[in-house]
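Engineer: Once you've had a glance at the structure underneath, I'll fire off some questions.
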Amino acid sequence: MNTECWNPERELITRDKLEALQEKLFLETVQRASRSPFYRKKFEETGISIKDIKSLSDITKLPFTTKQDLRDWYPYGFLTVEKEKLVRLHVSSGTTGQATAVFYTRKDIESWAELMARCMYMTGARPGDVFQNMTGYGLFTGGLGFHYGAEKIGLLTIPSGAGNSKRQIQLMRDFGTNVIHIIPSYALRLMDVLNEMGINPRESLDLRIGYLGAEPYSEEVRQRVQEFYGIKAFNSYGLSEMNGPGVAFECTYQQGMHLWEDAYIMEIVDQHTLEPVPEGTLGELVLTTLSREGMPLIRYRTKDLTRIIPGQCPCGRPHRRIDRIQGRSDDMFIIKGVNIFPVQVEQVLMSIPEVGTNYRIILKKEREIDQMIVQVEVTDKVFVEDMRHLQRLQKKIASELRSELLVTPIVELVEPNALPRSNGKVQRLIDMRCN
Ligand SMILES: [Zn+2]
């Protein structure tokens with residue numbers, strides 16, 4: 001095996017050694033966590049004595065931690081160190097309620113940077129490459145995480161941030177950007193801008209590698225992005241509660257994301273019973289931090305739905321892989337008794353060539369009956385064609401959605417750029433059914 005690694009000792013560790021390391025770090029984590037006000041109380045309430053936690057398999061004796069716990073104990077309830085040891089905090093605004101805060105010691109920032117360096121190096125980024133980081137900096141952890149990883153490897157890093165498409169393109173041209181980090185919906189948006197400017201990135205830009213993450217998206221979008229930009233696009237997974245990005249990442253084989261098991265313990269559980277599911281089955285990802293100093297989290301319910309991909313990756317890394325995130329259990333909507341994730345709609349739409357780069361799903365109640373309206377931007381070329389062609393396309397989209405979702409949506413075709421745009425995470429689902 002000739003796998004080039006940033007940290008070969010950790011990335012190519014044997015499975016046995018990895019599990020022994022996990023156990024050691026896990027026991028230390030439980031010790032450390034028990035010093036925080038939250039876990040001290042939680043362990044007391046649930047009658048857990050840390051003396052009973054002796055091995056990795058004892059993890060199931062420990063209670064889950066939820067987003068609600070982070071809210072209830074905001075701001076300092078999870079700290080295990082003195083405030084003097086902290087160097088950073090990130091706050092998530094929380095679209096559905098009170099904010100949550102995550103704290104980092106200097107060592108936490110360093111281990112985050114180390115994980116990000118592994119991720120990016122694993123995909124082939126090397127000193128001499130020019131990396132344009134096109135996501136928001138600030139309270140959003142995505143921007144800074146990639147920034148740290150890139151600088152640690154020694155990439156020439158352009159912190160261009162989100163938005164301002166023309167300037168992004170100018171920077172790419174002036175400095176020969178070949179590695180980018182971009183939110184998938186913005187990658188689609190930027191395609192329209194490049195098309196409008198008459199720039200073919202395959203001919204006029206030097207792009208080679210792209211990192212896509214921060215929102216669930218379909219394989220079809222990856223294919224479109226790879227095709228259009230002429231890059232290899234890699235899936236990235238993380239969440240601010242676990243530092244940010246750098247939890248799991250694809251290697252060059254693009255067959256699922258290696259979750260760094262020397263930094264996190266993963267469990268996949270049934271989202272209702274919270275019992276573990278068999279390997280390969282879809283469930284909720286639950287994570288325990290192994291190297292967090294300031295704010296360790298035990299059995300944190302991410303609400304993200306995925307599965308473990310069984311078997312070994314050809315790259316030889318023993319860190320098991322998770323599949324692309326299907327969606328958050330919070331995003332799932334129910335219409336006419338069927339459970340649907342927005343990403344399922346996207347998967348169908350993006351496999352149809354006449355469909356453009358933007359869409360949204362609107363749920364409404366009409367005379368007490370739920371209706372699902374899918375608004376779809378079509379490509380420029382289609383829109384100037386005759387009505388009959390548009391009607392055929394409308395029917396085709398409706399029928400393909402019906403066979404995937406088992407629900408018949410109302411499909412509305414709109415011209416390019418008719419739907420609202422965003423430079424950040426995009427809102428694909430608007431639920432107007434008030435109960
Ligand atoms: Zn691999």
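The values are calculated or read from the model by the stated rules, or taken from the named source; none is laboratory data. Small disclaimer: the values here were computed from a predicted structure and weren't measured. Positions of Cβ are generated from backbone atoms using ideal geometry, with glycine treated the same way; all protein chains shown enter the neighbour counts.
Engineer: Kindly indicate which of L194, L239 is touching a Ser or Thr at 6+ places or on another chain (Cβ under 9 Å), away from the ligand (no atom under 16 Å from the Cβ) and over 25 Å from V91 (Cβ atoms).
Structural biologist: L194
Engineer: Okay, next question. Identify the single condition in (1) surrounded by fewer than 21 Cβ atoms within 10 Å (Cβ to Cβ); (2) part of a strand (DSSP E or B) that H272 does not satisfy, given that it satisfies every other one.
Structural biologist: (2)
Engineer: Would you check which residues across the stretch 121-157 are within 16 Å of the ligand (Cβ to nearest atom) and touching an Asp or Glu at 6+ places or on another chain (Cβ under 9 Å) and list them?
Structural biologist: Answer for the stretch 121-157, where residues must be within 16 Å of the ligand (Cβ to nearest atom) and touching an Asp or Glu at 6+ places or on another chain (Cβ under 9 Å): Y121, M122, T123, G124.
Engineer: Please pick out the residue among Q394, Q371, Q347, Q375 that is in contact with a helix residue (DSSP H, G or I) (Cβ under 7 Å, 6 or more places away or on another chain) and surrounded by fewer than 19 Cβ atoms within 10 Å (Cβ to Cβ).
Structural biologist: Answer to the selection: Q347.
Engineer: Moving on to the next point. For a quick check of your reading: which helices (runs of 4 or more DSSP H) sit entirely within the stretch 106-184 and have at least 3 residues that are within 16 Å of the chain's Cα centre (by Cα) and within 20 Å of Y264 (Cα to Cα)?
Structural biologist: 106-122, 141-153
Engineer: Among the residues of the stretch 248-261, are any within 19 Å of K107 (Cβ to Cβ), within 15 Å of the ligand (Cβ to nearest atom) and out of contact with any Pro (no Cβ under 6 Å at 6 or more places or on another chain)?
Structural biologist: yes
Engineer: I need the full set of residues from the stretch 203-236 which are under 16 Å from the mean Cα position of the chain (by Cα), of a type in the set (S, T, Y) and away from the ligand (no atom under 15 Å from the Cβ), in order please.
Structural biologist: Those that are under 16 Å from the mean Cα position of the chain (by Cα), of a type in the set (S, T, Y) and away from the ligand (no atom under 15 Å from the Cβ): Y211, Y217, S218.
Engineer: Among the residues of the stretch 277-297, are any within 16 Å of the ligand (Cβ to nearest atom), in a loop (DSSP other than H, G, I, E, B) and surrounded by 23 or more Cβ atoms within 10 Å (Cβ to Cβ)?
Structural biologist: Within the stretch 277-297, none of the residues are within 16 Å of the ligand (Cβ to nearest atom), in a loop (DSSP other than H, G, I, E, B) and surrounded by 23 or more Cβ atoms within 10 Å (Cβ to Cβ).
Engineer: Scan (1) closer than 19 Å to L239 by Cα; (2) part of a helix (DSSP H, G or I); (3) of a type in the set (A, V, I, L, M) for the single condition V91 breaks and write down its number.
Structural biologist: Among (1) closer than 19 Å to L239 by Cα; (2) part of a helix (DSSP H, G or I); (3) of a type in the set (A, V, I, L, M), the lone unmet condition for V91 is (2).
Engineer: Here's a follow-up. Quickly run through the stretch 384-409 and pick out the residues that are touching a Pro at 6+ places or on another chain (Cβ under 7 Å) and assigned to a loop (DSSP other than H, G, I, E, B).
Structural biologist: none
Engineer: Would a scan of the stretch 5-14 turn up a residue that is at pLDDT 95 or above, more than 16 Å from the ligand (Cβ to nearest atom), part of a helix (DSSP H, G or I) and under 25 Å from A113 (Cα atoms)?
Structural biologist: yes
Conditions (1) touching a residue at least 24 places away in the same chain (Cβ under 8 Å); (2) under 30 Å from R208 (Cβ atoms), marked per residue:
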site: K41; (1), (2): no, no
site: S55; (1), (2): yes, no
site: D72; (1), (2): no, no
site: L86; (1), (2): yes, no
site: L115; (1), (2): yes, yes
site: A150; (1), (2): yes, yes
site: I153; (1), (2): yes, yes
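Engineer: Please work out which residue is nearest to the ligand (Cβ to nearest atom), limiting yourself to the stretch 313-328 and to residues that are assigned to a loop (DSSP other than H, G, I, E, B) and at pLDDT below 95.
Structural biologist: Filtering the stretch 313-328 for residues that are assigned to a loop (DSSP other than H, G, I, E, B) and at pLDDT below 95, the one nearest to the ligand (Cβ to nearest atom) comes out as R324.
Engineer: Here's a check for you: in the stretch 410-432, which residue that is among the aliphatic types (A, V, I, L, M), surrounded by 14 or more Cβ atoms within 10 Å (Cβ to Cβ) and not in a strand (DSSP E or B) is modelled with the lowest pLDDT?
Structural biologist: The residue in question is V426.
Engineer: Considering only the stretch 305-312, I want to know if a residue exists there that is in a loop (DSSP other than H, G, I, E, B), within 16 Å of the ligand (Cβ to nearest atom), assigned by TED's automatic domain parsing to the domain that holds V193 and touching a residue at least 40 places away in the same chain (Cβ under 8 Å).
Structural biologist: No, every residue in the stretch 305-312 fails to be in a loop (DSSP other than H, G, I, E, B), within 16 Å of the ligand (Cβ to nearest atom), assigned by TED's automatic domain parsing to the domain that holds V193 and touching a residue at least 40 places away in the same chain (Cβ under 8 Å).
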